[in-house]
Amino acid sequence: MLGVGLDVGGTKVLGVLVDSAAPGTVLAEERVPTPDGGSGLVETLLTLARFLSAEPLSIGVGVPGLVDHQGALRAGAHLRHLRDVPIETELRARTGVRVEVDNDANCHALAEHAAGAAVGADDAMVITLGTGIGAGLITAGRLVRGARGFAGEPGHMIVDPNGPPCPCGQRGCWERFASGTGLARLARDAAHGGRLDAAVALAGGDPDVVRGEHVTAAARAGDAESLTVLGELAHWIALGLANLVNILDPAVIVVGGGLVDAADLLLPEVRTRLRDLALAGRQRPEVRIVPAALGERAGAIGAALLANQP
Ligand SMILES: [Zn+2]
């Protein structure tokens, strides 16, 4: 069955048309800028869905933030100006077709479970390490949604109460450490401490502008200081994963997002540190940690599946 999936990002909305019988294959896709404001968002989603299919049979939408069981965006994460937008109700009223709306990371997890790196694993976590951290937690083959629909936000687990402030209002959330933002902060700290000369040179000599890609490029060239910073990042990633493993006992952890470009440098160290940090980590069967398989379309594919399941 053909369905449209729309993935709302901070700057763009990515739309795909997929057949639920072969969810890994995208039949059509299109991108448009993310509009500013709730009513503009619904209009944009409608236009994009109709562009992809004149009469779509179903429309799924993934949005960053807390989405309730009625498909309303209750609080935006990075789209902080968006609040209490009844996306599902409005889209259904305008189209008359089946519409489902969920958190974007939940959609990503559905896609990896159906057609990506978590196929066959009914207890899986899909963790997206980008600017922040997104997560979709699957137990016994189903997404963990919680009483209100707000479950699965481990990026805001507080791992250091005295840590750096988070846009959510707390301090020391996991995503302040184990994300692209966290890597940039670790890199700047190291650079100001005079410990990261090769990466600073790649950044043009200014320790304040050194970013994750400078560190990974220097690490690939064999720079020991950059490898040390990536080791610190791997520690923070493993620390949060250990907390999640202790709670959910997954068979596989799928890691996606921008940091997955450095998966070959990071994941071996994350696996080692997870064995040190998880409860009985050296006695329990190893949790597989693998890179995401579906790339940037995963959220949109998962959104299509959301609204296109029997
Ligand atoms: Zn937070």
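The values are calculated or read from the model by the stated rules, or taken from the named source; none is laboratory data. Remember, it's a predicted structure, so these values are computed and weren't measured experimentally. Please note: Cβ atoms are built from the backbone with ideal geometry, for glycine as well, and neighbour counts cover all protein chains shown. Side chains are part of the model used for accessible areas, which takes the heavy atoms of the whole protein and leaves out ligands, DNA and RNA. Shrake-Rupley method; radii C 1.70, N 1.55, O 1.52, S 1.80 Å.
Return yes when LEU52 is more than 27 Å from GLY258 (Cα to Cα) and open to solvent by less than 40 Å² (accessible area, probe 1.4 Å) and no when it is not. It is false that LEU52 is more than 27 Å from GLY258 (Cα to Cα) and open to solvent by less than 40 Å² (accessible area, probe 1.4 Å). Among residues of segment 246-275 that are at positive phi, those with a Cβ under 9 angstrom from a residue that is among the acidic types (Asp, Glu), sequence gap 6+ or separate chain, pair up as ASP249/ASP123. Here ASP261, ASP249 are screened, and the one residue that is out of contact with any helix residue (DSSP H, G or I) (no Cβ under 9 Å at 6 or more places or on another chain) and surrounded by fewer than 16 Cβ atoms within 10 Å (Cβ to Cβ) is ASP249.
Evaluating TRP236 against the criteria (1) within 21 Å of HIS156 (Cβ to Cβ); (2) free of Cβ contacts under 8 Å to residues at least 40 places away in the same chain leaves one unmet condition, (2).
The residues listed here are ALA238, ALA224, ALA242, ALA307; of these, the one that is at pLDDT 95 or above and over 25 Å from GLY193 (Cβ atoms) is ALA242. Within segment 124-175, if we keep just the residues that are β-branched (Val, Ile, Thr) and closer than 30 Å to GLN309 by Cα, the residue that is nearest to the ligand (Cβ to nearest atom) turns out to be ILE133. Taken over segment 1-19, the criterion of being out of contact with any Ser or Thr (no Cβ under 6 Å at 6 or more places or on another chain), open to solvent by 40 Å² or more (accessible area, probe 1.4 Å) and closer than 16 Å to ILE59 by Cα is satisfied by LEU2, ASP19. The helices (runs of 4 or more DSSP H) found wholly in segment 186-272 and carrying at least 3 residues that are closer than 18 Å to MET125 by Cβ and not aromatic (Phe, Trp, Tyr) occupy 224-248.
Evaluate segment 130-144: report whether one residue or more is touching a residue at least 12 places away in the same chain (Cβ under 8 Å), in a helix (DSSP H, G or I) and small (Gly, Ala, Ser). No, segment 130-144 contains no residue that is touching a residue at least 12 places away in the same chain (Cβ under 8 Å), in a helix (DSSP H, G or I) and small (Gly, Ala, Ser). Checking the stated criteria, ARG275 turns out to be under 30 Å from ARG142 (Cβ atoms), more than 22 Å from the chain's Cα centre (by Cα) and part of a helix (DSSP H, G or I). Looking at this structure, is GLY40 small (Gly, Ala, Ser) and within 18 Å of the chain's Cα centre (by Cα)? Against the criterion (small (Gly, Ala, Ser) and within 18 Å of the chain's Cα centre (by Cα)), GLY40 does not qualify.
State yes or no: is ARG98 touching a His at 6+ places or on another chain (Cβ under 8 Å) and at pLDDT 95 or above? No: the conditions fail for ARG98. Among the conditions (1) over 19 Å from ALA300 (Cβ atoms); (2) aliphatic (A, V, I, L, M); (3) open to solvent by less than 30 Å² (accessible area, probe 1.4 Å), ALA147 misses just one, which is (3). Quick check, is GLY231 buried (at least 22 other Cβ atoms within 10 Å of the Cβ) and modelled with pLDDT of 95 or more? Against the criterion (buried (at least 22 other Cβ atoms within 10 Å of the Cβ) and modelled with pLDDT of 95 or more), GLY231 does not qualify.
Of the listed requirements (1) of a type in the set (D, E, K, R); (2) open to solvent by 20 Å² or more (accessible area, probe 1.4 Å); (3) within 27 Å of VAL18 (Cβ to Cβ), GLU112 misses just one: (2).
For segment 28-87, the strands (runs of 3 or more DSSP E) that sit wholly inside it and include 3 or more residues that are among the small types (Gly, Ala, Ser) and at pLDDT 90 or above are 58-63. Kindly indicate whether any position in segment 132-144 is open to solvent by 50 Å² or more (accessible area, probe 1.4 Å), of a type outside the set (S, T, N, Q) and within 21 Å of LEU244 (Cβ to Cβ). Yes, the conditions are met somewhere in segment 132-144.
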